[in-house]
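The values are calculated or read from the model by the stated rules, or taken from the named source; none is laboratory data. Bear in mind that the values here come from a model prediction, so they are computed numbers and not experimental data. Here Cβ is always computed from backbone atoms with ideal geometry, including for glycine, and neighbour counts include all displayed protein chains. To get the accessible areas, we keep the full protein, side chains included, count just its heavy atoms, and leave off ligands, DNA and RNA. Shrake-Rupley method; radii C 1.70, N 1.55, O 1.52, S 1.80 Å.
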Amino acid sequence: MLIDYRTDSGTLPTEEMRRAMSEAKLGDDYYGEDPSVNLLEKTASEMLGKEAAILTTTATLGNQLALLSLSHKGSEIWVEKFSHIAAHDYTAFLLPDRKFRVYEAIKGREIADDDLAEAGEGAHSVFCIENTHNRHGGTILPISEMKRVYRQIRQAGGYVHLDGSRLFNASVASGVPLNEFAACADTVVLCLCKGLCAPAGAILAGSRETIRRARKWRTKMGSAMPQAGVIAAPAYIGLKKMIPRLAQDHLLAQKLASGLAVLTGLSVDLSLVETNIVLVHPKHPLKTAEQIQNELRQAGILVLLLDSKTIRFVVDRNIHPEDIPATVGIMQSIL
Ligand SMILES: Cc1ncc(COP(=O)(O)O)c(C=O)c1O
């Protein structure tokens, strides 16, 4: 038995996606001639209500291209303290002539007035938001908050970039359509290989001019792929067919969280479990989070440590209903 909660990027493509890869119509995307890429980019831009979109190898690259394309020398780039852009990307190294500023979104759901006001005061700014927020536990930045951020930053002449790697989860869980979220940002990144199960790829969407610039940067950064249709074709199926199934991941995440929350020796904030991520904080007198992670591994359950006190479980298509009671039972015996 192996139950793998480490990341939703590990989801394998469906049979239909595998067929689509082998049958994809291909061309040279460098010249805009790959029909599968063109279809994917057009579909994604329409779903988000943006003028244009570009396929990128990863969401990390999508974020980097957005910031390269929206900012210029002297711009301030505002990043959330625990966001993927701040914690994992090397964008600050790529852009030494931009000034990086850090703010903190309370539980990933709320942005302080003072931060927005300050972001509007200085030089031209790009304000980055993440929805859902990974390290805060898959929490949703509510549409009302996104509208407030966008209004204030735009009024001050800045741009908003949305790392929506898991925006599909936010949309399914909240009932807010993707394009309503996307209307609150100048650029949006979507990851196609997480809950949607495509084998690779992400989308960056925005204005025609921003995406034209991003296309140039993508080539300069060595990530233009001639017949990228082999990636675009399964991703297209992800966009068309896999979004509604995320509700099942959310349901199982809820069940997992409530099963773990009643165990002695763990703390789980159920109010944070809105989508497919469950954060667990061990409170065991003798065992650290790392020891618990190791014992889970020996029992066939893989999880990730976010820090020395936090274990992350991510639910995706790899996780089946019967895995939930099995996981809770094993955790109970470890504790
Ligand atoms: C919020 C967020 N943004 C970006 C990324 C990076 O995605 P990728 O692995 O496609 O670069 C991740 C990966 O988990 C993520 O959680």
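Here are a few things to note about the model shown:
- Summed over the stretch 123-149, residues that are within 13 Å of the ligand (Cβ to nearest atom), part of a strand (DSSP E or B) and either in contact with a His (Cβ under 8 Å, 6 or more places away or on another chain) or not assigned by TED's automatic domain parsing to the domain that holds THR210 (or both) total 4.
- Looking at CYS184, CYS197, just one residue is within 16 Å of the ligand (Cβ to nearest atom) and either assigned to a loop (DSSP other than H, G, I, E, B) or at pLDDT below 95 (or both), and that residue is CYS197.
- Cross-chain or 6+ apart pairs with Cβ under 6 Å, the stretch 165-186 first and in the same structural domain as THR56 (by TED's automatic domain parsing) and in contact (Cβ under 8 Å) with a residue 24 or more places away in the chain, then open to solvent by 30 Å² or more (accessible area, probe 1.4 Å) and among the basic types (Lys, Arg): CYS184/LYS147
- Of the residues making up the stretch 311-335, those that are farther than 17 Å from GLY259 by Cβ and either in contact with a Phe, Trp or Tyr (Cβ under 8 Å, 6 or more places away or on another chain) or open to solvent by less than 10 Å² (accessible area, probe 1.4 Å) (or both) number 1.
- Of the residues making up the stretch 275-315, those that are in contact with a helix residue (DSSP H, G or I) (Cβ under 9 Å, 6 or more places away or on another chain), modelled with pLDDT of 95 or more and among the small types (Gly, Ala, Ser) are ALA299, GLY300.
- Within the stretch 62-121, the only residue that satisfies the criterion of being hydroxyl-bearing (Ser, Thr, Tyr), within 15 Å of the ligand (Cβ to nearest atom) and modelled with pLDDT of 95 or more is SER83.
- Conditions (1) open to solvent by 40 Å² or more (accessible area, probe 1.4 Å); (2) modelled with pLDDT under 95: number failed by GLY265: (1)
- When the stretch 173-219 is filtered for residues that are farther than 22 Å from LYS147 by Cβ and small (Gly, Ala, Ser), the ones remaining, listed by number, are GLY195, ALA198, ALA200, GLY201, ALA202, ALA214.
- The strands (runs of 3 or more DSSP E) found wholly in the stretch 15-111 and carrying at least 3 residues that are without any contact (Cβ under 8 Å) to a residue 60 or more places away in the chain occupy 76-80, 99-103.
- Residue within the stretch 16-39 that is within 16 Å of the ligand (Cβ to nearest atom) and open to solvent by less than 50 Å² (accessible area, probe 1.4 Å) present: no
- Residue list for the stretch 84-135, restricted to those being open to solvent by 60 Å² or more (accessible area, probe 1.4 Å) and among the small types (Gly, Ala, Ser): none
- Considering only residues in the stretch 218-262 that are of a type in the set (A, V, I, L, M, F, W, C) and farther than 24 Å from CYS191 by Cβ, the one that is surrounded by the fewest Cβ atoms within 10 Å (Cβ to Cβ) turns out to be VAL262.
- Residue in the stretch 314-324 that is free of Cβ contacts under 8 Å to residues at least 12 places away in the same chain and among the basic types (Lys, Arg) present: no
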